[in-house]
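Asks: Sharing a structure here in structure tokens format.
The values are calculated or read from the model by the stated rules, or taken from the named source; none is laboratory data. Model, not experiment: these values are computed from the prediction. We place every Cβ from the backbone using ideal geometry, glycine too, and count neighbours over all the protein chains shown. Note: accessible area is taken over every heavy atom of the protein model, side chains too, but ligands, DNA and RNA are not part of it. Shrake-Rupley method; radii C 1.70, N 1.55, O 1.52, S 1.80 Å.
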Amino acid sequence: MIEDRAKGKNITVTSRLPDGIADVPIDKDTMAQALLNLFLNAIEAMDQGGLLSASLSHSPDGMIKIEIADTGSGIQKDHLERLFDLYFTTKPSGTGLGLPIVQKIIEAHDGRISIASEPGQPTVVTILLPMEG
Ligand SMILES: Nc1ncnc2c1ncn2[C@@H]1O[C@H](COP(=O)(O)OP(=O)(O)OP(=O)(O)O)[C@@H](O)[C@H]1O
Ligand SMILES: [Mg+2]
């Protein structure tokens, strides 16, 4: 679904999912919902096409790292601190519920989420999840 939408907007999708990443206990349905929200945000930020990339790795502190990056509009500083506020949206028909829901889902997995961006720079969403055991 994401690839279809991306193609229609001239967006290239790449993923780096290396072998040998430890298993993490996740709730498939809610985690899929969280990732879908993030992919849609990325696509919605790229009206002139661009690159959407997703990668999975081990972080240096022993967590599982999911990174979702886009080369869209970027995010200005005063918006950056409001991203996870309920109902914060800059879109005419946005609800501003996407990221608060994503945050809840990640926290329910004992994980953390952060978003780094600047206007005109890539936006990088980083999710850290604890490993099993
Ligand atoms: N990848 C991104 N690039 C640029 N801005 C982003 C990105 N992700 C989120 N934002 C900004 O954060 C705001 C809040 O995102 P959130 O997903 O919570 O709501 P929304 O996308 O506006 O609405 P909805 O998710 O209901 O469609 C967006 O309106 C947008 O301004
Ligand atoms: Mg959204």
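Asks: Mind counting the residues in the range 80-110 that are more than 12 Å from ligand 2 (Cβ to nearest atom), open to solvent by less than 90 Å² (accessible area, probe 1.4 Å) and not in a helix (DSSP H, G or I)?
Replies: 2
Asks: Among what's in the range 62-79 and is farther than 21 Å from LEU36 by Cβ and touching a strand residue (DSSP E or B) at 6+ places or on another chain (Cβ under 8 Å), pick the residue that is surrounded by the fewest Cβ atoms within 10 Å (Cβ to Cβ).
Replies: Only one residue fits best here, namely GLY74.
Asks: Conditions first: (1) of a type in the set (Gly, Ala, Ser); (2) more than 12 Å from ligand 1 (Cβ to nearest atom); (3) closer than 17 Å to ALA116 by Cβ. ALA42 passes all but one, so which condition is the exception?
Replies: In the conditions (1) of a type in the set (Gly, Ala, Ser); (2) more than 12 Å from ligand 1 (Cβ to nearest atom); (3) closer than 17 Å to ALA116 by Cβ, ALA42 misses (2) alone.
Asks: Going by the conditions given, is GLY62 assigned to a loop (DSSP other than H, G, I, E, B) and more than 9 Å from ligand 1 (Cβ to nearest atom)?
Replies: Yes: the conditions hold for GLY62.
Asks: Given the conditions (1) within 24 Å of THR89 (Cα to Cα); (2) open to solvent by 40 Å² or more (accessible area, probe 1.4 Å), report the number of the one that ARG16 does not fulfil.
Replies: Answer for ARG16: the failing condition is (1).
Asks: Select from the range 112-133 the residues that are at pLDDT 95 or above and under 13 Å from GLY62 (Cβ atoms) and list them in ascending order.
Replies: Hits for the range 112-133 are LEU128, LEU129, PRO130.
Conditions tested, residue by residue: (1) modelled with pLDDT under 95; (2) assigned to a strand (DSSP E or B).
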{"site": "ARG5", "(1), (2)": "yes, no"}
{"site": "SER15", "(1), (2)": "no, yes"}
{"site": "ALA22", "(1), (2)": "yes, no"}
{"site": "PRO25", "(1), (2)": "yes, no"}
{"site": "THR30", "(1), (2)": "no, no"}
{"site": "ASN41", "(1), (2)": "no, no"}
{"site": "ASP47", "(1), (2)": "no, no"}
{"site": "LEU51", "(1), (2)": "no, yes"}
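Asks: Got at least one residue in the range 55-68 being over 16 Å from the mean Cα position of the chain (by Cα) and among the β-branched types (Val, Ile, Thr)?
Replies: Among the residues of the range 55-68, not one is over 16 Å from the mean Cα position of the chain (by Cα) and among the β-branched types (Val, Ile, Thr), which makes the answer no.
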